[in-house]
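K.L.:
Starting off with a structure, shown below.
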Amino acid sequence: MIYRLLKVELYKIFSRPRSYIGFVAIAILVFIFQLALYVDGKTYLTFLIQQLESNFTIEGNILNGYLITYIILQTLIVQMPLMVALVTGDLLSGEASAGTMRLLATKPISRASIITAKLIGGSFYTLLLVIWLGGLALGFGLWIFKPGDLMVLSTDHISIIPAAECLWRFFAACVIAFISLSVVTTFSMMLSAFSDNSIVPIVTTMAVIIIFTIVGTLDVPLFNNIKPFLFTTHMIVWQKLFQDPLPVSKIINSIVIMFAYIITFLSITYYRFIKKDILS
Amino acid sequence: METVIELNKISKSFGAFKAVDELSLEVYKGDVFGFLGPNGAGKSTTMRMMLSLIKPSSGSIKIFGKELNTHRNEIMRQIGCIIEKPDFYLYMSAEKNLLLFSKLSGVSISKNKIQEVIELVGLKGREKDKVKTYSHGMKQRLGIAQTLIHDPALIILDEPTTGLDPQGIIDIREMILRLKNEMGKTIILSSHILSEIELVANRMVIINRGKQVAQGEVTQLLSTQDLILSVEVEDGKTALQKLNGYKKEKFSSLENNTLKFSLSKNEIPELVSELNKAGIKIYGITYRRALEEYFLKLTHQYN
């Protein structure tokens, strides 16, 4: 039955125009980025490395497909939670506000199965978004700008990732981005289980992410103590995959914390939805 | 008689508000069972409990002889329902909606069966249209189609004629009778309109403030042996004096020159004749069955 339910869920997700907003937005943004960097990338790069050039000699194809992909991912992954929440925040509450939850919940399927199917459906959608972003950025980046060593500038160091190592790191980055976005998926689903209105979970998810992100960037001692516990702090851990040497323990720590969030959000969602009186 | 539904002292509270209060009832196989009550009486809450949308605060529900709590999926496979209003995925066609819900009904359903049900409810030719283009009446028909798609033994319809035009109401009523007479379905039907229940149901329960008021055969509950006769006269007080205690035990009230009597249908001619003899001018006589009168009062309280 869960397979049938999942098929139905995926059909519903992909029958709705709003599900394609994310894909279209990503395609447009990737195109704009690549066009801008193709036309004016050298000026942009010169601006970025002007201080370095006074001390180092930089040779080779710096403005390559991997750098373009890295820049795109760094910029767009911040916007991804909105695109994810737009669909996943609506999974339970959307059915409630439309009145279809009444019908769904009278079918010979358990409520746990309903959530499981929606979770898998929502996760599949999130995964497709990540693959779409990673695939478009990397595919067009390598096609237009060709491969090369990836130079990553941080505030306190420069990492040079050999071209041969870039592909697996981007793949791993997409996997971690998927885990990060799964935190958003489960968080918005949890809110969705409490609401009969689809706007509330979507807006609340975004508001929480914005607040947590701001708290995470403010260098205030009070906030420094809570930063390690905010899921947004760990959602950008994919960037650590482009450091050399690889900070494995930090990456694993963040992944564990994100999974803890996912499990917590899911447990609350299951508990709430199974116990809930369907009054809508 | 085989019992299909058995509610045993079920109650449901929402905070301090008791929506359903120790309600017990039995529905038998082949019944069209009317669930009657004014708005807010607890009809929908009870129906939602029967469909496990709401968990009772106390009491037990047995359907097809099995506890709903422990055999939910097995029971739900044999139930089709419309609760409140039929809502569907508006961005899909009626046919797609039916296909989708049939997949979740636990039995395999052919495309022919879907076409058959679409035809039965009179939506042939519009099945490919998106539901967002449907009128309320069409959605209601689609709702009925959805309840029938998996050939359930029990059909639960919560106010299925709400918002329909007169022809739509007649169509739904005829469909309910066909489901009972030709297909042998057991049907539970809620309404706040007594005449609607009377026209299709053989048994009924009346609830008010979550409590049972009456339950039994419709013909018995709405018997003409127990009428409220209203006689409009020129001057009520004078008429009462002139009657001089006649049928005193049957007299119930005087409201705006209308005398009300509780009596049976065959007592009416005698009363009219007595009023004539006493020289009381009669401007009108109407009667309602006692339960009808009671229900009307209940409804007025809430409107």
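The values are calculated or read from the model by the stated rules, or taken from the named source; none is laboratory data. A quick note: this is a predicted structure, and the numbers were derived from the prediction, not measured. Using ideal geometry, Cβ is built from the backbone for each residue, glycine included, and neighbour counts are taken over all protein chains shown.
K.L.:
Please state which of the following conditions A:Met235 fails to meet, knowing it meets all the rest: (1) of a type in the set (A, V, I, L, M, F, W, C); (2) modelled with pLDDT under 90; (3) surrounded by fewer than 22 Cβ atoms within 10 Å (Cβ to Cβ).
P.N.:
Unmet condition: (3).
K.L.:
Within segment B:76-177, considering only helices (runs of 4 or more DSSP H) that don't extend past its boundaries, which have at least 1 residues that are within 14 Å of chain A (Cβ to nearest Cβ)?
P.N.:
Values: elements: B:94-103, B:111-120, B:136-148.
Answer list for segment B:76-177: B:94-103, B:136-148.
K.L.:
Please give the number of the condition B:Lys211 fails out of (1) without any contact (Cβ under 8 Å) to a residue 60 or more places away in the chain; (2) surrounded by fewer than 21 Cβ atoms within 10 Å (Cβ to Cβ); (3) in contact with a strand residue (DSSP E or B) (Cβ under 8 Å, 6 or more places away or on another chain).
P.N.:
Looking at each condition in turn, B:Lys211 falls short on (1).
K.L.:
Can you tell me how many residues within segment B:1-30 are over 17 Å from B:Gln215 (Cα atoms) and basic (Lys, Arg)?
P.N.:
Looking only at that region, the number is 2.
K.L.:
Is it true that some residue in segment B:43-51 is more than 10 Å from chain A (Cβ to nearest Cβ), in contact with a Gly (Cβ under 6 Å, 6 or more places away or on another chain) and assigned to a helix (DSSP H, G or I)?
P.N.:
Yes, segment B:43-51 contains a residue that is more than 10 Å from chain A (Cβ to nearest Cβ), in contact with a Gly (Cβ under 6 Å, 6 or more places away or on another chain) and assigned to a helix (DSSP H, G or I).
K.L.:
How about segment A:100-147: which of its residues are under 25 Å from A:Tyr70 (Cβ atoms) and either in a loop (DSSP other than H, G, I, E, B) or in contact with a Lys or Arg (Cβ under 8 Å, 6 or more places away or on another chain) (or both)?
P.N.:
Answer for segment A:100-147, where residues must be under 25 Å from A:Tyr70 (Cβ atoms) and either in a loop (DSSP other than H, G, I, E, B) or in contact with a Lys or Arg (Cβ under 8 Å, 6 or more places away or on another chain) (or both): A:Lys146, A:Pro147.
K.L.:
All but one of (1) surrounded by fewer than 16 Cβ atoms within 10 Å (Cβ to Cβ); (2) within 14 Å of chain B (Cβ to nearest Cβ) hold for A:Lys146; which doesn't?
P.N.:
Checking A:Lys146 against (1) surrounded by fewer than 16 Cβ atoms within 10 Å (Cβ to Cβ); (2) within 14 Å of chain B (Cβ to nearest Cβ), the one that fails is (2).
K.L.:
Only one of A:Ile226, A:Ile278, A:Ile274 is assigned to a helix (DSSP H, G or I) and within 14 Å of chain B (Cβ to nearest Cβ). Can you tell me which? Spell out the reasoning first.
P.N.:
Values: A:Ile226 fails: within 14 Å of chain B (Cβ to nearest Cβ); A:Ile278 fails: assigned to a helix (DSSP H, G or I).
Going through A:Ile226, A:Ile278, A:Ile274 in turn, the sole match is A:Ile274.
K.L.:
For B:Pro56, only one of the following conditions fails: (1) within 26 Å of A:Lys12 (Cα to Cα); (2) within 13 Å of chain A (Cβ to nearest Cβ); (3) not in a helix (DSSP H, G or I). What is its number?
P.N.:
Among (1) within 26 Å of A:Lys12 (Cα to Cα); (2) within 13 Å of chain A (Cβ to nearest Cβ); (3) not in a helix (DSSP H, G or I), B:Pro56 violates only (1).
K.L.:
Let me ask you something else. Tell me which residues, restricted to segment B:62-75, are under 24 Å from the mean Cα position of the chain (by Cα) and either outside any loop (DSSP other than H, G, I, E, B) or within 8 Å of another protein chain (Cβ to nearest Cβ) (or both). So that I can check it myself, show each step before the final result.
P.N.:
Taking segment B:62-75 as the starting set, the residues that turn out to be under 24 Å from the mean Cα position of the chain (by Cα) are B:62-65, B:68, B:75.
Hits for segment B:62-75 are B:Lys62, B:Ile63, B:Ile75.
K.L.:
If you go through segment B:97-125, how many residues are of a type outside the set (Phe, Trp, Tyr), surrounded by 17 or more Cβ atoms within 10 Å (Cβ to Cβ) and farther than 18 Å from B:Gly168 by Cα?
P.N.:
12
K.L.:
Moving on to the next point. Could you please let me know if B:Glu232 is touching a residue at least 12 places away in the same chain (Cβ under 8 Å), assigned to a helix (DSSP H, G or I), surrounded by 15 or more Cβ atoms within 10 Å (Cβ to Cβ) and among the charged types (D, E, K, R)?
P.N.:
Details: touching a residue at least 12 places away in the same chain (Cβ under 8 Å): yes; assigned to a helix (DSSP H, G or I): no; surrounded by 15 or more Cβ atoms within 10 Å (Cβ to Cβ): yes; among the charged types (D, E, K, R): yes.
Spelling it out, it is not the case that B:Glu232 is touching a residue at least 12 places away in the same chain (Cβ under 8 Å), assigned to a helix (DSSP H, G or I), surrounded by 15 or more Cβ atoms within 10 Å (Cβ to Cβ) and among the charged types (D, E, K, R).
K.L.:
I would also like to ask the following. Here's a check for you: in segment A:15-24, which residue that is more than 7 Å from every other protein chain (Cβ to nearest Cβ) and surrounded by 15 or more Cβ atoms within 10 Å (Cβ to Cβ) is nearest to A:Gly121 (Cα to Cα)? Talk me through it step by step, then tell me what you get.
P.N.:
First pass over segment A:15-24, keeping only residues more than 7 Å from every other protein chain (Cβ to nearest Cβ): A:17-24.
Remaining after also requiring surrounded by 15 or more Cβ atoms within 10 Å (Cβ to Cβ): A:19, A:22-23.
Working: A:Ser19: 12, A:Gly22: 16, A:Phe23: 16 Å.
Here the answer is A:Ser19.
K.L.:
Now for a different question. What's the number of the condition B:Gly40 fails, among (1) farther than 19 Å from B:Ile187 by Cα; (2) more than 14 Å from every other protein chain (Cβ to nearest Cβ)?
P.N.:
The failed condition is (2).
K.L.:
Has segment A:71-94 got any residue that is within 12 Å of chain B (Cβ to nearest Cβ) and either assigned to a helix (DSSP H, G or I) or modelled with pLDDT under 80 (or both)?
P.N.:
Here is the first cut: in segment A:71-94, the ones within 12 Å of chain B (Cβ to nearest Cβ) are A:94.
Narrowing the set further to residues that are either assigned to a helix (DSSP H, G or I) or modelled with pLDDT under 80 (or both) leaves A:94.
Taking every residue of segment A:71-94 in turn, at least one turns out to be within 12 Å of chain B (Cβ to nearest Cβ) and either assigned to a helix (DSSP H, G or I) or modelled with pLDDT under 80 (or both).
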